[in-house]
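Here is the structure we will look at.
The values are calculated or read from the model by the stated rules, or taken from the named source; none is laboratory data. Because the structure is predicted, anything quoted here is derived from the model rather than measured. Cβ placement follows ideal geometry from the backbone for every residue including glycine, while neighbour counts extend to all protein chains displayed. What goes into the accessible areas is simple: the full protein's heavy atoms, side chains included, and nothing from ligands, DNA or RNA. Shrake-Rupley method; radii C 1.70, N 1.55, O 1.52, S 1.80 Å.
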Amino acid sequence: MSTVTAYAATSATDPLIKTTITRRDIGDHDVAFDIHFAGICHSDIHTVRGEWGRVKYPLTPGHEIAGIVTEIGSAVTKFKVGDRVGVGCFVDSCRECAQCRAGEEQYCDNPGMVGTYNAVGRDGQPTQGGYSGAIVVDENYVLNVPDALPLDKAAPLLCAGITTYSPLRHWNAGPGKRVAVVGLGGLGHVAVKLAVAMGAEVTVLSQSLKKMEDGLRLGASEYRATSDPDTFVELASRFDLILNTVSADLDLAGLLELLKVDGTLVELGMPENPMKVPAGALIFGRRSIAGSLIGGIAQTQEMLDFCAEHDVTPEIEVIQPDYINEAYERVMASDVRYRFVIDTASLR
């Protein structure tokens, strides 16, 4: 076991504090790496504050992790010391169920994927995330970060990137397709960049027009306010695919009416209240509503390679670890353009 410096939550209400956590010894198939950058995802805040179920405190969050390999196990074949690597939302799965064998480890059902934090690893110990100086992960759950991607900007791609890339690929976003992105935040701004890079025509749907300049700069061809009733009249039956990146309770009937026949609305956020889906909006247009959860390891690597090839990177604000609690408050106030990334040098 080794000890590393980290920031951890001790309860749902207290600020995160600087502390130490332990990492397991290197196993035959393990990769150890120094963490250089860790993104702050809204999911971190939901988990820390106990909004998504039971939390195993003390908890070190962080599942957007990028760094440099420092040591490898004797049987590791995919990585070497000095490699640029990343880890996303999970660090293990059963490897035997149909989903794991198909490369969709995020849907592992035996008993489920092992989260990068707030889960229990094969060693029986709680998993701890990336707000820390170093980590040890099985090589099968580690990603190569291409040289063309700066490590600080690569970190958020391990969650925000794959969460939006996967549904865009699954529902065939590309030339000739019209895609709408609901919300221009940490997920939404990456979704816009990815969909544009894939060749789709992209519209941003946001409550107001205050981020319109950013949306158009990122590649959207149109930016419309959902607070304006004319938006739903003028864009009716327009889109092949809508990605809803926000977790607020929205007017799903209105969004569904924006879809073409056979169009799909994909939910990426987790609203607090159960969704109300009007049957008529689905039936009269053969429309679908679906959900999507991050992506498997192979697709995550595909996403990183795609981003490197097409120069797709998130817009970030790099912070020091002692600013994490302030950053959490700013995320909750939607006061970030568009992803906080922790420089973990002081934790190494």
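Of note:
- Where a residue in region 1-18 is touching a residue at least 24 places away in the same chain (Cβ under 8 Å) and surrounded by 13 or more Cβ atoms within 10 Å (Cβ to Cβ) and its partner, wherever it lies, is assigned to a strand (DSSP E or B) and of a type in the set (Phe, Trp, Tyr), with Cβ under 7 Å and at least six apart: Leu16/Tyr7; Lys18/Tyr7
- Considering (1) touching a residue at least 60 places away in the same chain (Cβ under 8 Å); (2) in contact with a strand residue (DSSP E or B) (Cβ under 6 Å, 6 or more places away or on another chain); (3) hydrophobic (A, V, I, L, M, F, W, C); (4) open to solvent by less than 40 Å² (accessible area, probe 1.4 Å), the lone condition that Trp171 does not fulfil carries the number (4).
- No other residue among Val69, Val55 is part of a loop (DSSP other than H, G, I, E, B) and either under 17 Å from the mean Cα position of the chain (by Cα) or under 23 Å from Arg122 (Cα atoms) (or both) apart from Val55.
- Of the strands (runs of 3 or more DSSP E) lying entirely inside region 181-288, those carrying at least 2 residues that are over 21 Å from Ala160 (Cβ atoms) are 222-225, 239-244, 259-267.
- The condition of being under 22 Å from Gln301 (Cβ atoms), of a type in the set (Val, Ile, Thr) and in contact (Cβ under 8 Å) with a residue 40 or more places away in the chain holds for only one of Val136, Val69, Val81, that being Val136.
- Of all residues in region 218-238 being hydrophobic (A, V, I, L, M, F, W, C) and in contact (Cβ under 8 Å) with a residue 24 or more places away in the chain, the one that is surrounded by the most Cβ atoms within 10 Å (Cβ to Cβ): Ala220
- Of all the listed residues (Phe37, Phe33), the sole one being under 20 Å from the mean Cα position of the chain (by Cα) and either among the acidic types (Asp, Glu) or at pLDDT 95 or above (or both) is Phe37.
- Out of Arg49, Arg54, one residue alone is touching a residue at least 12 places away in the same chain (Cβ under 8 Å), basic (Lys, Arg), out of contact with any Pro (no Cβ under 6 Å at 6 or more places or on another chain) and open to solvent by 10 Å² or more (accessible area, probe 1.4 Å). It is Arg49.
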